[in-house]
1. If you put +1 on each Lys and Arg Cβ and -1 on each Asp and Glu Cβ, how big is the dipole of the stretch A:1-120 around its Cα centre, in Debye rounded to 20?
2. Hey, can you list the DSSP H helices of chain A whose Cα span along the axis is 24 Å or longer and whose average Kyte-Doolittle score is at least -0.5?
3. Run the reach check for residue A:30 against aspartates and glutamates, Cα to Cα strictly under 20 Å, same-chain hits fewer than 8 apart removed. What comes back?
4. Which of the aspartates and glutamates could a cross-linker bridge to residue A:150, judged by Cα under 20 Å and excluding same-chain residues fewer than eight apart?
5. Got the relative contact order for the stretch A:66-143 handy, in percent, Cα pairs under 8 Å and 6 or more residues apart?
6. In the neighborhood of residue A:226, defined by Cβ-to-Cβ distances under 15 Å, what is the net charge if each Lys or Arg adds +1 and each Asp or Glu adds -1?
7. Report ³J(HN,Hα) in whole Hz for each residue of the stretch A:88-100, in order, from the Karplus equation J = 6.51 cos²θ - 1.76 cosθ + 1.60 where θ = phi - 60°; Gly and Pro get x.
8. Mind checking the dipole of the stretch A:142-265: about its Cα centre, +1 per Lys or Arg Cβ, -1 per Asp or Glu Cβ, Debye to the nearest 20?
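Nothing in this text is a laboratory measurement; each read-out follows from the coordinates by a stated rule. Remember, it's a predicted structure, so these values are computed and weren't measured experimentally. No Cβ is skipped: glycine too gets one built from the backbone with ideal geometry, and neighbour counts run over all protein chains shown.
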Amino acid sequence: MPELPEVEVTRLSFAERITGARILAVRLGKPLRWPLGGEPASLYGLTVTAVRRRGKYLLLDLSSGQLLLVHLGMSGSLSFALALPAAGTHDHFDLVTTHGTLRLHDPRRFGAVVLTDGASSDRALKLLGRLGVEPLGDEFGLAEFHAGLKKRNVSIKQVLLAGEVVVGVGNIYASEALFLAGIRPATKASRISLARAARLREAIRDVLARAVATGGSTLRNFSSADGQAGHFQLEAMVYGRAGEPCRQCGSPIRQLRQGQRSTFFCGVCQR
DNA sequence: AAAAGCCCCTGGATGC
DNA sequence: TGCATCCAGGGGCTTT
């Protein structure tokens, strides 16, 4: 479910409210992708000092200097409230604090909650160390982006998904951004010209920023930690529309598979 | 070193 | 209705 916009909307929905809260208890459900990596009870009494985001990871800074990483995987979502219902079968992590309980609901359990000894710890570096640049920040420069693409001998779609050049672009927004930029997904990343890289960079920023602004839309059923549903204001131009007419030129949207993932594009608008 | 494939898991949609 | 099959928004790990 969640790409950068959904993770960011989730972060915004509870970051302020949980900041300054003291951890009272931790409840674990079924195993997630990785073990927590520490004793739950060791968190008791610590304060959540900030909630940040890096790529699709949420980072909860703790007063001990530790970093609690939360990843939503494919099907994860967070809720945060003073009183939550009894944990259901797919509620696999509760962080009970003085300001409310943060709960991870994740049917497929590709998500994770990992306790690390700070940003420079081995565990944090292993998970975050290879991540590319943040697409919505000032550091997402054209020259660096183009240089990053030049080094890769795979399709541009797969480079975007890998997250080593730029983070946060998942399977939906990769297709959408490439449509906006007029670039075929199968184009080798190394063959993208500077001018086209510039268009793609703008397209990525545009589609992600709009999705954040509309509360994580495009998606079937995304809702943030305060229960607000996405507004569906951004209609997908190509994603999930195989065989349907292109909204721009009317020709049928095409679908292909790249690295076990579906890609959608318009063969006329994208060259 | 980079690229390709595998795999974790559950649920919903589709087809017979 | 029941059952099998396919597909799903992620990404680390292993193999080539």
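1. Numbers: 13 positive and 10 negative charges, 26 e Å.
The calculation lands at about 120 debye.
2. Working: long enough: A:194-213 (28 Å, 0.37).
Both cut-offs are met by A:194-213.
3. Within reach: A:39, A:91, A:94, A:106.
4. A:134, A:139, A:164, A:202
5. Numbers: 111 pairs, mean separation 27.2, N = 78.
Across the stretch A:66-143, relative contact order equals 35 percent.
6. Working: positive: A:11, A:17, A:103; negative: A:6, A:8, A:16.
Here the charged neighbours net out to 0.
7. x, 4, 9, 8, 10, 7, 10, 10, 8, 10, 5, 9, x
8. On the way: 18 positive and 8 negative charges, 130 e Å.
Roughly 620 debye for the stretch A:142-265.
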